[in-house]
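Student: My questions all concern the structure below.
The values are calculated or read from the model by the stated rules, or taken from the named source; none is laboratory data. Predicted model, so just to flag it, every value in this text is computed and none were measured. Using ideal geometry, Cβ is built from the backbone for each residue, glycine included, and neighbour counts are taken over all protein chains shown. Note: areas computed on protein heavy atoms with side chains; ligands, DNA, RNA excluded. Shrake-Rupley method; radii C 1.70, N 1.55, O 1.52, S 1.80 Å.
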Amino acid sequence: MSTVDYGWIPELEKRAGRLNNLLDVYSVLSIVRRHVPLVKHRVDVGKVRDLMRSYSSAKGWVRRFLALSPMVKRRLVTNFGGWQLADAPIRAARYATNLGGPFLGAMSPLQECNLRCEGCYAGGRDQEGQLSHEDCDRLMREGKEIGIHLWTIIGGEPFLRPDLLDLYRDHPDVVFQVYTNGTLFTPELAQTLAEFGNVIPCISLEGYAAETNARRHFYRGRPVYDYVMDTMDMCREAGLLFGGSLTSTRKNYSTLSQVEFWQMLCDKGALLAYVFTMMPVATHEPSVFDELMLSKDQRWQMAEHIWQIRKAFPIFAADFWSDGSLTQGCMAFGRLYFHITHLGDVEPCVFFHFATDNIHEVSLEQALNSPFFRAGRSMFPWTDDLRHPCPVIDHPHVLRELLAEHKAYPTHKEADGITTTLKCRIDQYAAEVPACAAL
C-alpha cells in the first residue's frame, strides 16, 4: 500500500465538487488520465472522452450526471476516478499471481425482507441471523487493503437496518450500490443519502405496474409499483444517482424489450439499469424453467436489445450475463468479485450458493485465497464465447467439478437443487444456449 500514490486525489476531489458543465468534466478526465498508474486506464479515459464526443447518448448521460447533488458528484468521481483507479496496481498484481483481483465486493448484511417475491434468487435462505455492524465495518477495511472501493449491498431489504447508514457515512471512500425494493424510502432518507454522496440506490421492478405487482404484490395494502415510482421521484429530487434492478423472465420479456419502458426509466431520472436473468438457484422446482427463465432465443434477443438501448438512451444498461465481454467473462471466485451472505459464508457469486469458508473464521484475504476459490480462478476461462459465461447455468460441469473436489457446502437448504432435481434441466439449457448464440 505504501507504494500507491494518493497525492493527486485531493485535487481531483476539489475539482469534482465544482462540476457544472462539460468543460469541467473534460478537466476532471484530464486529471485522472494524467495520474492513474495503469496505462490501460489512461486509454479507457480517452475512450470515455471519445464516447462523449461521438454518441449523443453518452453526452446526454453526462449532462444528466451534472444535474445531480454536488456531494454525489464529488464522491462518485473521487471514488471511481480516484481511489478505485489508484489502487488498480494492487488488484493487477494480485490477479497476475492468482490471488484474485476483485474490484467489487457484494454482501448481504441481512436476509430479512418485507416482501415475498416470486422466484427470488435468495428466497430459499433462512431470514434469521445477520452480519454485525462490526463485521461489515471490518469487511470494508479489509476490502480497501486489496483495492476494493465498490461494494454492492443486497439482502433481504437493506433499508430495514438503519445502522447501515452509519457504515455508508463512515466509509466515504467507498461507493455503495444498495439494492432495494423501494418500499421504505422517505424524502428524509433520500436527502441523507444525497448528503453522503456515495450511495447508489438500485430499485427493483419488473416492468410497469402489472408485471411488478404480479411478482412483488402489495406492502401494507399498497401496490409495490407505486412505492417504486415514488422512490424514484424522491431519489431524483434529492439529486441521487440511482438505477433500476430488473429481473428478466418469460413473463416480462416483452415489456423489457419495449423502448417506451426505457424512456420511462429515463424520464423518472434513472441513470443505471441492471438486467438479471432469472436464475433457478433457490428452488427444487423444475417449473421455474417453464414459467420464469428466459428461453434461449429470448436471452440473446435481450442481449442485443441492451446494446441498442445503450446507443439510443442516456442510461447505462447492463445485462449481468450476456455482457460478459465487458468483464472478459465470469467475475466470480474473487476474480473480479465475490459475495458474503448474512451468515458470513463466502460465495463465489451471488448466484453460486456454495462455500467452503466463513468470515467469522477467516479473514477476507484467506477466504479469497481458499483452495476452492483458487481452483475456480485456475479453471477460468471455461469458454471462449463471453456471451454465455455462467458456471451455474451455461457451464454446469465447472460447478460440479469444483463442488466435488472441494466439498463445498450449500449455503441454504434449497441450494443443492441445481445439482439434484434441476440437474437434467440445467444440462439441457446449457446445451441449447450456445447453439442459439452461434446462429
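Student: Under a point-charge model restricted to the Cβ atoms of Lys and Arg (+1) and Asp and Glu (-1), what is the dipole moment magnitude of the chain relative to its Cα centre, in debye to the nearest 20?
Tutor: Once rounded to the nearest 20, the dipole reads 1580 debye.
Student: If amide H atoms are built 1.01 Å from N in the plane of the peptide, which residues on other chains or at least 5 residues away come under 5 Å of the amide H of Ile340?
Tutor: Under 5 Å from the amide H of Ile340: Ala106, Met107, Ser108, Glu347.
Student: So how much accessible area does Leu51 have, in Å² to the nearest 10, using a 1.4 Å probe?
Tutor: Only protein atoms counted, so the area is about 90 Å².
Student: Let me ask you something else. Under Stokes-Einstein, with the Kirkwood radius over Cα pairs standing in for Rh, what whole-number D in µm²/s applies to region 52-109 at 25 °C and 0.890 mPa s?
Tutor: For the chosen part, D equals 176 µm²/s.
Student: Further, regarding this structure: Using a cut-off of 14 Å between alpha-carbon atoms, which aspartates and glutamates can reach Lys73, once sequence neighbours fewer than 8 places away in the same chain are excluded?
Tutor: Result set, ordered by chain and number: Glu13, Asp24, Asp173, Glu195.
Student: Roughly speaking, to the nearest percent, how much of region 279-370's 1.4 Å accessible area is carbon and sulfur?
Tutor: After summing per-atom areas, the C and S share lands at 54 percent.
Student: Under 20 Å Cα-Cα from Lys413, which lysines qualify once same-chain neighbours fewer than 8 residues away are excluded?
Tutor: By straight Cα distance, Lys413 reaches Lys423.
Student: Then there is this: Can you give me the % of accessible surface on region 20-65 that is carbon or sulfur? Probe 1.4 Å, all protein chains present, nothing else counted.
Tutor: So the carbon and sulfur contribution to the accessible surface is 57 percent.
Student: Ignoring the sites themselves, what is the longest stretch of the chain with no trypsin sites (Lys or Arg not before Pro) in a DSSP loop and at most 15 other beta-carbon atoms within 10 Å?
Tutor: After excluding every exposed loop site, the longest remaining stretch is 251-406.
Student: Would you mind working out the magnitude of the charge dipole of region 273-398 relative to its Cα centre, with +1 at each Lys and Arg C-beta and -1 at each Asp and Glu C-beta, to the nearest 20 Debye?
Tutor: It works out to roughly 420 debye.
Student: How far apart, in nm, are two points set 7 Å out from the Cα along the Cα-to-Cβ line at Glu285 and at Thr97?
Tutor: 4.9
Student: Classify region 172-294 from the C-alpha gyration tensor, please: rounded if a/c falls under 1.5, else prolate or oblate depending on whether a/b exceeds b/c.
Tutor: Prolate, because a/c is 1.5 or more and a/b exceeds b/c.
Student: Provide Trp83, Trp262 ordered by accessible surface of protein heavy atoms (probe 1.4 Å), highest first.
Tutor: Trp83, Trp262
Student: Which chymotrypsin sites (Phe, Trp or Tyr not before Pro) in region 10-74 pass both tests, a DSSP loop state and at most 13 other beta-carbon atoms within 10 Å?
Tutor: Counting only loop positions with at most 13 other Cβ atoms within 10 Å, none of the chymotrypsin sites (Phe, Trp or Tyr not before Pro) in region 10-74 qualifies.
Student: For region 205-220, take each phi angle, set θ = phi - 60°, evaluate the Karplus expression 6.51 cos²θ - 1.76 cosθ + 1.60, and give the result in whole Hz per residue in order, putting x for glycine and proline.
Tutor: Each residue's phi maps through the Karplus curve to give 7, 10, x, 7, 4, 4, 5, 5, 6, 5, 9, 9, 6, 10, 9, 6 Hz.
Student: Further question: With the Cα gyration tensor of region 344-390 giving a ≥ b ≥ c as the square roots of its eigenvalues, does the rule (a/c under 1.5 for rounded; else a/b larger than b/c for prolate; else oblate) give rounded, prolate or oblate?
Tutor: prolate
Student: May I pose another question? Rolling a 1.4 angstrom probe over the protein heavy atoms, how many square angstrom per residue are accessible across the chain?
Tutor: That works out to 39 Å² for each residue.
Student: Search the structure for amide H atoms under 5 Å from the amide H of Gln177, placed 1.01 Å from N in the peptide plane, and list their residues when 5 or more places away or on another chain.
Tutor: Answer set, sorted by chain and number: Trp151, Thr152, Ile153, Ile200.
Student: Using only the heavy atoms of the protein chains and a 1.4 Å probe, how would Thr97, Thr180 rank by accessible area, largest first?
Tutor: Sorted by accessible area, descending: Thr97, Thr180.
Student: When a/c reaches 1.5 or more, the comparison of a/b and b/c decides; with that in mind, is the chain rounded, prolate or oblate per its Cα gyration tensor?
Tutor: It is rounded, given that a/c, with a ≥ b ≥ c, falls under 1.5.
Student: Sort Trp382, Trp8 by accessible area with a 1.4 Å probe, largest first.
Tutor: The residues order as Trp382, Trp8, largest area first.
Student: At a probe radius of 1.4 Å, what is the per-residue accessible area of Ser245, in Å² to the nearest 10?
Tutor: About 10 Å², ignoring ligands and nucleic acids.
Student: 5 Å is the cut-off here: which amide hydrogens, built 1.01 Å from N in the peptide plane, fall below it relative to Thr277, excluding neighbours closer than 5 in sequence?
Tutor: Result for Thr277 returns Ser248, Phe320, Trp321.
Student: Tell me the accessible surface of Phe80 in square angstrom (1.4 angstrom probe, heavy atoms of protein chains only), to the nearest ten.
Tutor: Result for Phe80: roughly 80 Å² accessible.
Student: Taking R0 as 25 Å, what's the FRET efficiency between Arg141 and Leu165 from their Cβ-Cβ distance, rounded to 0.05?
Tutor: After rounding to 0.05, the efficiency reads 0.90.
Student: Using DSSP to define loop residues, name the GluC sites (Glu not before Pro) in region 119-187 whose beta-carbon has at most 16 other beta-carbon atoms within 10 Å.
Tutor: Glu128
Student: Using the 2.2 N^0.38 Å rule of thumb for compact globular proteins, work out how region 85-216 stacks up: its C-alpha Rg over that value, please.
Tutor: Output field value: 1.16.
Student: Among all the lysines, which ones have a C-alpha under 16 Å from Lys268's C-alpha, if same-chain residues fewer than 8 places away are not counted?
Tutor: Within the straight-line cut-off, Lys268 pairs with nothing.
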